[in-house]
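Heads up: the structure comes next, in structure tokens.
The values are calculated or read from the model by the stated rules, or taken from the named source; none is laboratory data. These numbers were taken from a predicted model, which means no experiment stands behind them. Note that each Cβ is placed from the backbone with ideal geometry, even for glycine, and that neighbours are counted across all protein chains shown. We work out accessible area using only protein heavy atoms, side chains counted, and drop any ligands, DNA or RNA first. Shrake-Rupley method; radii C 1.70, N 1.55, O 1.52, S 1.80 Å.
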Amino acid sequence: MNNLQNDIALFFRRPNDFDSRVGIHSTLYLLRRDTSLCFGYDPNTNQKIGFEALFPATMAVMAGIDLVAKFLYADKKNEVSRRFTDYVAKYIDANFTEELFQLRNSIVHSFGLYSEGKRGKIYYFALTRGIGKLILQASEKNYYVDIELLWKKFENSIELYWQELSASSDLQKIFSDMFPKYGAFPIN
């Protein structure tokens, strides 16, 4: 149990808890630090900096959802879509599971903002900030995504999952199975 608690503590380490030492670092910790930097914040201090990289920031959020969903639902073959959309429905926004999955596909796999979904449905995405809604559908095919709100919801989802993990032996078992594969890696 002590190893499990150490693994959980390592995995959920806060992104502004800077440690420059060489050694093992959590994939989630590093991803969250990079996401913060791409959104234009110093990951050590949370202070605004003079540059942003919003496309990679959005990619990192999508990859983060994929990562944490593996720890919640396990890494079963041919279940990426279900795992991702179930995570989004549970922790991000149940109204936009398919849209966020299509955004994930377009941005992570095609490095673009176009996707073809189920039954040939077309999605064109525009990344924006400050619209007050996670996704605003402008037309049958066009969607505006508030990427800062998405980032905040992702960060909140991590906290919610961590709370559930702490209270559930079933979730702890899945976490224990996933951690050696996806939880951490050395930085030399």
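Entry note, the chain: the mean residue ellipticity at 222 nm calculated from DSSP H runs of n ≥ 4, each adding -39500 (n - 2.57), is -16000 deg cm²/dmol after division by the residues and rounding to the nearest 500. Here the chain is scanned for chymotrypsin sites (Phe, Trp or Tyr not before Pro) in DSSP loops (not H, G, I, E, B) that have at most 15 other Cβ atoms within 10 Å, and the longest stretch holding none of them is 112-188. For the chain, relative contact order (Cα pairs under 8 Å, six or more residues apart, normalised by length) works out to 23 percent.
Shape of region 140-188 from its Cα gyration tensor (a ≥ b ≥ c, root eigenvalues): rounded if a/c is under 1.5, otherwise prolate when a/b > b/c, or oblate? Cα axes put region 140-188 in the prolate bin. Carbon and sulfur atoms: what percent of the 1.4 Å accessible area of region 1-118 do they account for? Here it works out to 52 percent. Between the amide H of A53 and those of F39, G40, distances stay under 5 Å, these residues lying 5 or more places away or on another chain, with hydrogens modeled in the peptide plane. Applying the Karplus relation 6.51 cos²θ - 1.76 cosθ + 1.60 with θ = phi - 60° to region 65-76 yields 3J(HN,Hα) values of 4, 4, 4, 5, 4, 4, 6, 7, 10, 6, 10, 8 Hz, where x marks Gly and Pro. Around the Cα centre of region 1-158, unit charges on the Cβ atoms of Lys, Arg, Asp and Glu (plus for the first two, minus for the last two) sum to a dipole of about 260 debye. Magnitude of the charge dipole for region 1-93, about its Cα centre and with charges confined to Cβ atoms of Lys, Arg (+1) and Asp, Glu (-1), is about 160 debye.
Exactly which GluC sites (Glu not before Pro) in region 38-102 are in a DSSP loop and have at most 16 other Cβ atoms within 10 Å? Counting only loop positions with at most 16 other Cβ atoms within 10 Å, the GluC sites (Glu not before Pro) in region 38-102 are E52, E79. By the gyration tensor of its Cα atoms, with a ≥ b ≥ c the square roots of the eigenvalues, what is the shape of the chain: rounded for a/c under 1.5, prolate for a/b over b/c, or oblate? Taking the square roots of the gyration eigenvalues as a ≥ b ≥ c, the chain is oblate. 3J(HN,Hα) along region 47-56, derived from phi through the Karplus expression 6.51 cos²θ - 1.76 cosθ + 1.60 where θ = phi - 60°, amounts to 8, 5, 10, x, 8, 9, 9, 6, 5, x Hz, with x in place of Gly and Pro. Loop-located trypsin sites (Lys or Arg not before Pro) in region 3-106 (DSSP state not H, G, I, E or B) with no more than 13 neighbouring Cβ atoms inside 10 Å: R21, K76, K77.
Which residue, G132, P180, T85, has the largest displacement toward the positive end of the dipole of the chain when charges sit on each Cβ (Lys, Arg +1; Asp, Glu -1)? Farthest towards the positive pole: T85. Simple point charges give the picture: +1 on the Cβ of Lys and Arg, -1 on the Cβ of Asp and Glu, and for region 67-188 a dipole about the Cα centre of about 320 debye. Taking 25 Å as the limit for the C-alpha separation, the pairs K77/K173; K48/K90; K76/K152; K90/K118; K90/K152; K77/K118 exceed it in the case of K48/K90; K76/K152.
Ligands, DNA and RNA are left out, and with a 1.4 angstrom probe the accessible area of region 1-160 is 50 Å² per residue.
For region 19-27, 3J(HN,Hα) computed residue by residue from phi via the Karplus equation (6.51, -1.76, 1.60; θ = phi - 60°) reads 9, 8, 5, 6, x, 7, 10, 5, 4 Hz, glycine and proline entered as x.
Which residue, chosen from T97, S166, I147, occupies the Cα position most advanced towards the positive end of the dipole of the chain, where the dipole is computed from +1 (Lys, Arg) and -1 (Asp, Glu) charges on Cβ about the Cα centre? About the Cα centre, the residue reaching furthest to the positive side is T97. Using a simple spin-label model with pseudo-atoms 7 Å out from Cα toward Cβ, T45 and R129 lie 1.8 nm apart.
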